[in-house]
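Data block below; observations after.
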Amino acid sequence: MKRILLVATMLVSLLGLMAQSGSITKPADFFGFEPGSDRNLFTYEQLIQYLEQLDGESPRLKLEEIGNSPMGKPMYIAFISSEENIKNLEALKEINRELALNSTLEKDKLKGMISEGKVFVLATLSMHSTEVGPSQSSSLIAYDFATTTDEKKLEWLNNVVYMMVPCHNPDGMDMIVENYKKNRGTKYEGASLPQVYHKYVGHDNNRDFVILTQDDNRAIARIYNQTWFPQVMVEKHQMGSTGTRYFVPPNHDPVAENVPAGVFHWGGVFGQHMATDMTAEGLAGVSQHYVFDDYWPGSTETCIWKNVIGFLTEAASARTATPIYIEPTELRVSGKGLSEYKKSINMLLPWEGGWWRLGDIVEYEIVSTMSIIKTASLYREDILDFRNRMCREQVEKGRTEAPYYYIMPEKQHDPGELVNLVNLMKEHGVEVYELTGEMELDGKLYKSGDVVIPLAQPFRAFIKEVLEAQEFPERHYTPGGILIKPYDITSWSLPLHRYVTSHEIDTRSKELEAKLSVIDGEYDLSEPLEMEVHAMVVPVSANESYRAAFNALELGLKVERLKEAVEMKAVSYGKGSFIIYHDSKKKGDWEAVLEALPFQPGLISDKRTLKSVLLELPRIALVETYFHDMDAGWTRYVFDTYHIPFTVLHPDQFPEKDLADKFDVIIFPDNDKSILMTGKRKSGDSYYMGSYHPDYVKGMDKKGFEKLMTFSDQGGIILAWGRSANLFEGILKIKQKDEEEEFQLPFRDISPELTKAGLYVAGSLVKINLNGDHPLTLGMPESIGVFSRGRPVFRTSIPMFDMDRRVIGTYPEKEILMSGYASNEEKMGNQAAMIWMKKGKGQFVFYGFNPQFRASTQTSFKLLFNAILLDKME
């Protein structure tokens, strides 16, 4: 009888599932095509509408809003699991938090949480919007799990909560889909988008997870920093078309030495299961230990420094949604892990070539995702236990191994950057404290209010990684052989990049720990306004002072700059500091500027006379090419967040513009001279075509450059950094009425010679000494670190006729590298890193470094801001 009842119960359950699957909308019925089919793409809005429909139709899926994209589109997680787990999400969320953060769980309580808990797998899809496959596959995966009657998959859903962010970059997804559809059916089908696929940073959105500048990335980071604390995270990408078909972990060397070994081991477990399962399904070309290292933080995988088992997958690309045919002779691999496209331990089943379609990518994505969820289910208890073990081990390591604390004095050259650093660390889920009394430690006196970050925290690895100076782990292909070069940059030290004094403490002190008070809420150094004021004075040493001044000008308030240093209430305000005047008609605006300041300004209650000059913002043109110009995008981001107005100017617009009539300053972010001049990339003496529509393969050409030189001749200011400075080398010409004047600016870039001599700088922070007696260095210390790739390096010469030059920044002779990796860096010693030149009324400022690199080098921001505010030559 019991057996009959059991069979009847199972039959009722199965019939219920079948009825449910019949009532759930299929993706093809909703979109009007099968996702992954040739030349078909849906938009972000259509994807979310479909998932909203599934949310209403299936008890196995719940859609939750998590934030907004930079352009204001709502972002979501789709929680996919069993009906019981979906109903129980809040309780499971609390278990996740306890396992991630509680290092003192009693054994019985821990055992109970492991028994009750589920593995939460976070997947972020298609952050790079040309990599359309992961997002296009998401609806199929969601539908499969919503309707499945497969007992194995149902077991997975009982053990796992799949947290799918259906698109990491909603703005870019819509841009790419719109661009593809515009060209679909024409000979330019599959042409590249002639801009970054993001409001600001394009592909560099996967370089932002230390500094968290972009709204979409902040929404994603909150998931593992503050809210859901998943145990596993995968970011889904695509790569080039002619290499392996798919990459799964483990990654290649080098690896981050602060990350616990177990995190990498578990990534390897997931990768091996993917490789096994995908190969068993006949999916060829799966590679491991190839190309991608696990060294630098900045990608979504920064979660591995926070005890999350994090990894990425990469699929070979089609031409967006257009199939491509790849000849076997065109298949290539190189570098880390694979030197020949042949069967090897890192690619056991090579793909033989042929047609490659979006549908293939979607299939690989579905199978790899199923494997990840299966693996998480298979090792559920081990993974949950591992998460809390990592928490306990990291806290204990912080108590027993140096360093024990980082201490940052409250008094800083730039107090605003201390405030910003503290709030950033808090956003990362790090506990930050302040001293409640004076004490001496390791021969230094620390005062009440100084900031302390102990390392006895679950996220110890992250704290140490971003607060210490970086030392690249040199690994070689053979003993003493070729260096395994880093995949991306090698420096991200927050104190060094922000010029915040920070002391690494290698002695544990119970006295210090007794004097710590946790900083709750947002940290700032401001005080309530308790007096009537005529104006505020903000120091030139602080980036936030520039932000306040630019914001005040934007709001129509009067702003002046001090012509000489003054002292107010024992506080010195250097030459170039800003006076922001109160305006009774704009009281709310003035108070808003004051409220936004993270530190206390000087307050003037009377109409005293200070030696100052009225500040006016120049008319700025920011040059941005059509070629996914990320450095220009980062510059736009910095300018927008600092309230600096500008006009984007494309190189092909130069010939038709009266530049001198419309602009005072023209800025060239880092870009190839050939792209700026011709709209084409150049390799050696040859130009080669890109994948852009011909309407966008244009540069400024000779006529546009003539307009640029006329702009300079009429008193314009030109700023350029990185490769863009090469535009202005050699013989230049200015047309004046019927005459043509030839001249050569007194500088040249010597970095090609230094590179041939062995100079290599792998995206590092290097030291420069600054000329303190110049308007460009107002508010700057004597020396700073700047972000450099070892090019350009300038050498100036004695000028002729109506030209002049000043070296603003110089590499020291020794101890050049501050953080990261460089070889033979002494070859840069005593060479110019930043120069100012003039020709007639025109001024040029060239930087051998990116002053705003990825919005992460606040130490050099003022060198850019001061250049914008240079006085014109009379």
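The values are calculated or read from the model by the stated rules, or taken from the named source; none is laboratory data. Not measured: the values here are computed from a predicted model. Cβ: placed from backbone, ideal geometry, glycine included. Neighbour counts: every protein chain shown. All accessible areas refer to the heavy atoms of the entire protein, side chains included, with ligands and DNA or RNA removed. Shrake-Rupley method; radii C 1.70, N 1.55, O 1.52, S 1.80 Å.
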**Message:** List pairs: first residue in segment 660-689 and polar (S, T, N, Q), second residue part of a helix (DSSP H, G or I) and open to solvent by 40 Å² or more (accessible area, probe 1.4 Å) anywhere in the structure, Cβ distance under 8 angstrom, at least six positions apart or on different chains.
**Reply:** Asn671/Arg723; Thr678/Asp701
**Prompt:** Looking only at segment 49-72, which residues are closer than 18 Å to Ala146 by Cβ and either assigned to a loop (DSSP other than H, G, I, E, B) or open to solvent by 10 Å² or more (accessible area, probe 1.4 Å) (or both)?
**Reply:** Gln49, Glu52, Gln53, Asp55, Gly56, Glu57, Ser58, Pro59, Arg60, Lys62, Leu63, Glu64
**Asked** Does segment 436-445 contain any residue that is touching a helix residue (DSSP H, G or I) at 6+ places or on another chain (Cβ under 8 Å) and not acidic (Asp, Glu)?
**Response** yes
**Request:** Kindly indicate which of Ile798, Ile784, Ile835 is surrounded by fewer than 18 Cβ atoms within 10 Å (Cβ to Cβ), modelled with pLDDT of 95 or more, on the phi < 0 side of the Ramachandran plot and of a type in the set (A, V, I, L, M).
**Result:** Ile798
**Message:** Would you confirm, using the coordinates I've provided, whether Lys814 is of a type outside the set (S, T, N, Q), assigned to a strand (DSSP E or B), over 20 Å from Leu864 (Cβ atoms) and open to solvent by 60 Å² or more (accessible area, probe 1.4 Å)?
**Reply:** no
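So in segment 556-582, with the set limited to residues that are open to solvent by less than 50 Å² (accessible area, probe 1.4 Å) and out of contact with any strand residue (DSSP E or B) (no Cβ under 7 Å at 6 or more places or on another chain), which one is nearest to Val613 (Cα to Cα)?
The selected residue is Gly574.
Residues checked against (1) touching a strand residue (DSSP E or B) at 6+ places or on another chain (Cβ under 8 Å); (2) open to solvent by less than 40 Å² (accessible area, probe 1.4 Å); (3) not in a strand (DSSP E or B):
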position	(1), (2), (3)
Ala632	yes, yes, yes
Thr635	yes, yes, yes
Val638	no, yes, yes
Ile644	yes, yes, yes
Gln653	no, no, yes
Asp670	yes, yes, yes
Ile675	yes, yes, yes
**Message:** Step by step: first the residues of segment 73-100, then only those that are in contact (Cβ under 8 Å) with a residue 12 or more places away in the chain, outside any helix (DSSP H, G or I) and over 18 Å from Val308 (Cβ atoms), then the one that is farthest from the chain's Cα centre (by Cα). Which residue is that?
**Reply:** Ser82
**Asked** Of all residues in segment 703-737, how many are within 35 Å of the chain's Cα centre (by Cα) and among the hydroxyl-bearing types (Ser, Thr, Tyr)?
**Response** 2
**Complete:** Residues of segment 239-251 being buried (at least 22 other Cβ atoms within 10 Å of the Cβ) and in a strand (DSSP E or B), in sequence order, are Tyr246, Phe247
**Request:** Among what's in segment 159-181 and is in contact with a strand residue (DSSP E or B) (Cβ under 9 Å, 6 or more places away or on another chain) and of a type in the set (A, V, I, L, M, F, W, C), pick the residue that is farthest from Arg207 (Cα to Cα).
**Result:** Val160
**Asked** Does any residue in segment 614-639 that is polar (S, T, N, Q) come within less than 8 Å, Cβ to Cβ, of a residue that is assigned to a strand (DSSP E or B) six or more places away or on a different chain, and which pairs are these?
**Response** Thr635/Leu622; Thr635/Ile667
**Message:** Here is a list: Asp144, Asp174. Which entry is in contact (Cβ under 8 Å) with a residue 40 or more places away in the chain, open to solvent by less than 30 Å² (accessible area, probe 1.4 Å), acidic (Asp, Glu) and touching a helix residue (DSSP H, G or I) at 6+ places or on another chain (Cβ under 9 Å)?
**Reply:** Asp174
**Request:** Restricting attention to segment 684-700, report how many residues are buried (at least 17 other Cβ atoms within 10 Å of the Cβ) and either assigned to a helix (DSSP H, G or I) or of a type in the set (D, E, K, R) (or both).
**Result:** 2
**Request:** Kindly check whether there is at least one residue in segment 26-47 that is more than 37 Å from the chain's Cα centre (by Cα) and either at pLDDT 95 or above or among the polar types (S, T, N, Q) (or both).
**Result:** yes
**Close pairs (7 angstrom Cβ cut-off, 6 or more residues apart or separate chains): of a type outside the set (Asp, Glu) in segment 459-476, surrounded by fewer than 15 Cβ atoms within 10 Å (Cβ to Cβ) anywhere** = Pro473/Glu257; His476/Ile482
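Every residue, every condition in (1) surrounded by fewer than 24 Cβ atoms within 10 Å (Cβ to Cβ); (2) within 30 Å of Glu427 (Cβ to Cβ), yes or no:
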{"site": "Thr302", "(1), (2)": "no, yes"}
{"site": "Leu312", "(1), (2)": "yes, yes"}
{"site": "Ser317", "(1), (2)": "yes, no"}
{"site": "Pro328", "(1), (2)": "yes, no"}
{"site": "Arg332", "(1), (2)": "yes, no"}
{"site": "Asp360", "(1), (2)": "yes, no"}
{"site": "Glu365", "(1), (2)": "no, no"}
{"site": "Ile373", "(1), (2)": "no, yes"}
**Fill in**
Checked segment 661-689 for anything more than 30 Å from Val593 (Cβ to Cβ), modelled with pLDDT of 95 or more and hydrophobic (A, V, I, L, M, F, W, C); matches are Phe668, Ile675, Leu676, Met677
**Asked** Is it true that some residue in segment 493-515 is within 29 Å of Met390 (Cβ to Cβ), open to solvent by less than 10 Å² (accessible area, probe 1.4 Å) and touching a Lys or Arg at 6+ places or on another chain (Cβ under 8 Å)?
**Response** no
**Asked** Scanning for something within 26 Å of Phe639 (Cβ to Cβ), touching a residue at least 24 places away in the same chain (Cβ under 8 Å), open to solvent by 30 Å² or more (accessible area, probe 1.4 Å) and under 27 Å from the mean Cα position of the chain (by Cα), does segment 856-873 turn up at least one residue?
**Response** no
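Here is a list: Asn258, Asn307. Which entry is in contact with a Cys (Cβ under 7 Å, 6 or more places away or on another chain) and either open to solvent by less than 30 Å² (accessible area, probe 1.4 Å) or on the phi < 0 side of the Ramachandran plot (or both)? Before the answer, list the steps.
Numbers: Asn258 fails: in contact with a Cys (Cβ under 7 Å, 6 or more places away or on another chain).
Matching residue, one of Asn258, Asn307: Asn307.
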**Asked** Is one or more of the residues making up segment 722-735 modelled with pLDDT of 95 or more, part of a loop (DSSP other than H, G, I, E, B), open to solvent by less than 60 Å² (accessible area, probe 1.4 Å) and touching a helix residue (DSSP H, G or I) at 6+ places or on another chain (Cβ under 8 Å)?
**Response** no
